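A short write-up of the structure that comes next.
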Amino acid sequence: MANGPAPFSEIGRRAKDLLYKDYNTDHKFILTIPNSSGLVLVATGSKKDQIFVGDILTHYKSGNTTVDVKVDTHSKVSTKVTVNDIFHNTKAALSFSIPDQKSGKLDVQYFHPHAAILSSIGLNPSPLLELSAAIGSKDLCLGAEVGFNTTSASFTKYSAGVAFNKPDFSTALMLADKGRILKASYIHYVNRPDKFTVAAEISHKFKTSENRFTIGSSQLIDPKTVVKTRFSDDGKAAMLCQRAWRPNSLITLSAEYDSTKTISSSTKFGLALSLKP
């Protein structure tokens, strides 16, 4: 719903995207070929440490139904069928992989003006159950998630969080990793023509009393070019430059410096090219 809460997975997502999204220290290529019939072909290739991996994804949409089929270099075939509005404000998705016979999974999402509920169940004799929910509004929401392994009768995860969103800032507080880590994030959109934005993330581990923090920024150099920076307390600094050299086509250059490593291995560079004719 437009004014309802976002799913639990979106809590803290804005700051996380600014700090980590699109950073890449490998070589990556993405080619997207759309078709007027509703069929989209996406080819992805990535080179890391002299190893090349890739996949081909076909995306087809007809009415309320979307079908995604992906084949990777390991001959793994992944399929996902999504049906929107199967019931009022409800979306269901069936996914499975070949040859993994235990990969079948059914996801159901329900959106209400004051709640967003997502559930998942594995389609095998000993399924893994997952449930997440968020209540509130677009501006303020509370949420939690839980995962349960029916084989071992144990919880695989449980987390809780709260988010407060406004047009010029967003803040979130999350208790994650089965209550072992407390995370706080904040993002602020400065009212400037260059859309300057700053974000920060702080985490605390209760068992070791370890504190970590990461700060970053994003800024438009011109209408087609954005520059992002990131600094963390572990001695790492990263920078990203992304340019839209044509509509829906991006070239992204990334660099990361690690002050804790030797000079020969302290700097990494990455290049990502995304093309859409």
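The values are calculated or read from the model by the stated rules, or taken from the named source; none is laboratory data. These figures come from a predicted structure and were not determined experimentally. Reconstructed Cβ throughout: ideal geometry from the backbone, glycine too, with neighbour counts over all protein chains shown.
The test for being of a type in the set (G, A, S) and touching a Pro at 6+ places or on another chain (Cβ under 7 Å) does not hold for G38.
Residue check: is S36 modelled with pLDDT under 95 and over 16 Å from L271 (Cβ atoms)? Spelling it out, S36 is indeed modelled with pLDDT under 95 and over 16 Å from L271 (Cβ atoms). If only residues of the stretch 250-265 that are within 20 Å of the chain's Cα centre (by Cα) and among the hydroxyl-bearing types (S, T, Y) are counted, the one that is surrounded by the fewest Cβ atoms within 10 Å (Cβ to Cβ) is T252. Can you tell which of G136, G147, G143 is within 18 Å of the chain's Cα centre (by Cα), surrounded by 15 or more Cβ atoms within 10 Å (Cβ to Cβ) and touching a residue at least 12 places away in the same chain (Cβ under 8 Å)? Just one listed residue meets the conditions, G143. Taking every residue in the stretch 25-38 that is touching a residue at least 40 places away in the same chain (Cβ under 8 Å) and part of a strand (DSSP E or B) and pairing it with any residue that is surrounded by 15 or more Cβ atoms within 10 Å (Cβ to Cβ) and of a type in the set (S, T, Y), at least 6 positions away or on another chain, the pairs with Cβ-Cβ distances below 6 Å are K28/S46; I30/T44; I30/S274.
Being in contact (Cβ under 8 Å) with a residue 24 or more places away in the chain and either surrounded by 14 or more Cβ atoms within 10 Å (Cβ to Cβ) or at positive phi (or both) is true for just one of N89, N84. Which residue is that? After ruling out the rest, the residue left standing is N89. For S152, the conditions (1) assigned to a loop (DSSP other than H, G, I, E, B); (2) touching a residue at least 60 places away in the same chain (Cβ under 8 Å) all hold with the exception of (2). Looking across S78, S119, S97, S126, one residue alone is of a type in the set (S, T, Y), at pLDDT 90 or above and over 22 Å from H59 (Cβ atoms). It is S119. Please specify each residue of the stretch 6-24 satisfying the condition of being among the hydrophobic types (A, V, I, L, M, F, W, C) and either under 21 Å from L220 (Cα atoms) or in a helix (DSSP H, G or I) (or both). Result: F8, A15, L18, L19.
In this structure, is S97 surrounded by 15 or more Cβ atoms within 10 Å (Cβ to Cβ) and in a loop (DSSP other than H, G, I, E, B)? Here the answer is no, as S97 does not meet what is asked.
Each residue in the stretch 52-79 was checked for being part of a loop (DSSP other than H, G, I, E, B) and surrounded by 14 or more Cβ atoms within 10 Å (Cβ to Cβ), and 1 of them qualify. State whether the residues of the stretch 42-51 include one that is surrounded by 16 or more Cβ atoms within 10 Å (Cβ to Cβ), over 22 Å from T252 (Cα atoms) and of a type in the set (V, I, T). No, that holds for no residue. Filtered by the rule that a residue be small (G, A, S), loosely packed, with under 14 Cβ neighbours inside 10 Å and within 21 Å of T267 (Cα to Cα), the stretch 190-235 gives a lone residue, G235.
Restrict the check to the stretch 155-165 and report whether at least one residue is over 19 Å from the mean Cα position of the chain (by Cα) and in a loop (DSSP other than H, G, I, E, B). There is no residue in the stretch 155-165 that is over 19 Å from the mean Cα position of the chain (by Cα) and in a loop (DSSP other than H, G, I, E, B). Within the set S36, S62, S75, S46, the sole residue that is in contact with a strand residue (DSSP E or B) (Cβ under 7 Å, 6 or more places away or on another chain) and not aromatic (F, W, Y) turns out to be S46. Of everything in the stretch 178-189 that is under 16 Å from L19 (Cα atoms) and touching a residue at least 24 places away in the same chain (Cβ under 8 Å), the residue that is surrounded by the fewest Cβ atoms within 10 Å (Cβ to Cβ) is Y186. Checking I181, I135, I187 one by one, the residue that is touching a Cys at 6+ places or on another chain (Cβ under 7 Å) and modelled with pLDDT of 95 or more is I135 and no other.
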